[in-house]
Amino acid sequence: MDHVNDNLEAVKLINIRGSVENVTPHKIAVVAFIREYGLLKIEEKQKEDCVVAPKYRKDFCILSLKLIQCPDMEFKELEALLTDGRYNLLSVHLQNFCVRLQNIYVNGISALMDCVTSTVDKLMIEPNETNPCVITRYSVLGFYLRRILLHLDKMTFMQVVSLYKSFCLYYQKGRPGLMMRSLSKEKLNNVESQTTSAISAHPEEAKSHEFSMKMNIIDKDNSFEECHWSRKQAELFTAQQANLLQINERKALPPRQLQKTIGQIINDIPDYPDVHFLSFLNCVRTKEFCGAQDSLYNCFDRTVFNVSGNSNNSNDRNKNFRYAALNRAAMHTQFGHKSVAMEGVREALAAAQEAADGCCLAHAAAWGALAGGRARRAALLARVPRAPRVAASAAQLMAQHAAVNGAKPADVFQIITKGDSINYLHSMIDLTMAGLANQAALWSLYGKTEMASVCCQLLLNLNTKCGYGEWGGGAGTWHWTAACGTAAAGAACVASWRADPALAAALAAHLPAATHPALAAMHHARAALLAGKWEEAEQSIGQLASFDRWESQILKAEMYFLKGDATEALESLHDIFDFCKTEDDSLYFISMRLKAMILMSQVQHSFSSIQSSNIMLLNEALSLAKKYHLHYLAATAEMHIANVQLHMGCAKNALVLVRKVLPSIMAHGSSYDTARALLLYTKCRIASAPICGEARSQVLQSCCDALELVKKNFSKVGAHSRLLQTWYLQAQLYNDIGNHASRNQCAWMYRQLETQNPIEPSNTLLVMY
């Protein structure tokens, strides 16, 4: 116990040392900048013909606030900031500022001390009729100047000497600078004449002074620590970046730049816990587990030890412990470590119940619902308190839980409607946007692509009345948030799904490159598979594997199937089935399992002569799809059943089934799915057409016309092999009809496309759906 108390006392001493704000050369330059403007204001009030325009006053205030809040900068950067034209500044103000800095550089410590003390004495005097007050003591500038003066008074003589040496180095690095060139010749001549007269009066003293100054600057005392970030500046920066990461990640600093700035703050203020938590958020954003874990532990280590020794010490420390467990659970849930996350959830729940902390209890239950299985999720959701925000969040979570566990879509959307009513009643814009994104995801799960697209468009055009990141210059107000980014990604996927490259490119242009890399990798992989570019497809699948392992496994199995490697395809599919047996509840579990079953049926149909097991597998997939109300996957399974029936010789049964399912595919399917559905429909019509006569010719001519739309859709998505197959089939139909001109044209187009995009011949195309 004594050892713990000794550690606490040591940490307190470290914190006291870390909270002291150093006076740096940059802050002296800021004081000089404020001083010269204040003197101009005094001169303005004494002379009626000298008036400072409002634009200069406004820009001075904005720039002063920026200089106070931003970290220390080099003198060259300060020169560029003052002279690049972004701020309207009086030329006489800049000239006096340059002269003041040169005066400090030439005349030594006395000039430095006089710059600070005279600023307070002249600008913050008691106001009266003859001497008005320029800067009030309790204004932002007043607090800043008094704080600098206070810290300067507390410094020892050696520290002041070190400060002056640092200022000389700081000033030398900026000369000759932009502002020095803007000085008038008269000002420069006046300064130089004063300096030369002093040197001529005492030449020996001047030489010794110059020599000693140079030696002192070279032998700089390292005991003076320059701190680029003060505590207040770090608090402001941390709050701004954390807020942007929460509501508008696109406006926050890029991950690499943000982490570099965080490192600078940690170097200057190592015991500031909030900056470690900001580092944790940044690491979670970039999916870096080791950095996120270290930052989280560093944050709460410092938070627990920073608790002051008051009567509420024990309560505050317990609060930090339970929120540390809660954040640890959230971190492991984000990275998919479900069992470890549940340990943190149980710890946070126990601590929250002991302290009667309803907020912590609600959040722990929510993260437990995400990390736990089916039974655990239902149990935890029932324990969520019924505060408006938490109740609305629980409704969204319950809707997801119900959807992936086979509830009726009507019941699922009824739950969402209840959550939306709470959002509208309490004007919770962020949860309203999350609700729309959730609806789009659920419509997509059910296979209703058009409804998902409508929800994405509603979310994109939602007026959030929030001042972050407008998109476009129209009359409508569109603001970029994480939910809107998801909506734009979803809309881009729908556009790509419908083979509308212009719309997809326009939406994707507004997405940051690092925002949805998994979607980009998935899109490139699918496009490469359709085009038969196996190397590009394998590279994109490898990139997708780092974000979504099992989706990449499905694409890998599809790639092996299209290449004709049935063994590797079946091996990848069996890995997916093994995972599905252990995963009892997830947002993509059922749909992923159904996709794997349908793909396995294709492999069996193409490389096996026994079709009975294939029919049984497809019927099982169809039964599961109907049980979980996944309508589009059910339609896809029925199309594969019809394809098997066609190759088994049951053409009429296949035609009836295709006619039943085709409207659903045409309404909600992609361009590729629409094309292959129409192609299967055409094959069924050909197989069930009369053997000869005029009726057969009419059916074949109608099939030729239908193949035009098939070719158009295949060419949109770049499915070259399927396009060649369609040209070949159309040429055969024209030959059977006797239309030799059209047959020759189709044959010529087939030859041209085969020359442009050489593809290895494969028998798989003849039997696959």
Compute the orientation-averaged projected area for the range 22-183 from the convex hull of its Cα atoms and round it to one decimal in nm². 9.4 nm²
Using Cβ counts within 10 Å as a stand-in for footprinting exposure, how do S721, S742, S601 rank, fewest first? S742, S721, S601
Calc'd 3J(HN,Hα), the range 708-718, phi into Karplus 6.51 cos²θ - 1.76 cosθ + 1.60 (θ = phi - 60°), Hz, glycine/Pro = x, comes to 4, 5, 4, 5, 4, 6, 5, 5, 4, 8, x
Relative packing of 321-333, 398-410, which averages over residues the other C-beta atoms within 10 Å, highest first: 321-333, 398-410
Quote the FRET efficiency, to the nearest 0.05, computed for L425 versus N461 with a Förster distance R0 of 25 Å and r equal to the Cβ-Cβ distance. 0.65
Using each residue's phi in the range 550-566, evaluate 6.51 cos²θ - 1.76 cosθ + 1.60 at θ = phi - 60° and report the 3J(HN,Hα) Karplus result to the nearest Hz, with x for Gly and Pro. 7, 5, 5, 5, 5, 5, 5, 4, 5, 5, 5, 5, 5, 6, x, 9, 6
Go through 420-429, 72-81 and give me the packing order, highest mean Cβ count within 10 Å leading. 72-81, 420-429
State, to one decimal in nm, how far the label point of E354 lies from the label point of R696, with both points 7 Å from Cα in the Cβ direction. 8.6 nm
Cα lying deepest toward the dipole's positive end in the range 22-183, options V99, F143, T24, charges on Cβ: T24
Given all pairs of distinct Cα atoms, the range 65-112 yields a Kirkwood Rh in Å of 12.2 Å
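Every number in this text was worked out from the coordinates using simple rules, so none of it is lab data. Note that the coordinates shown come from a computational prediction; the quantities given were computed from them, not determined experimentally. Don't worry about glycine lacking a Cβ; one is built from the backbone with ideal geometry, like all the others, and counts go over all protein chains shown.
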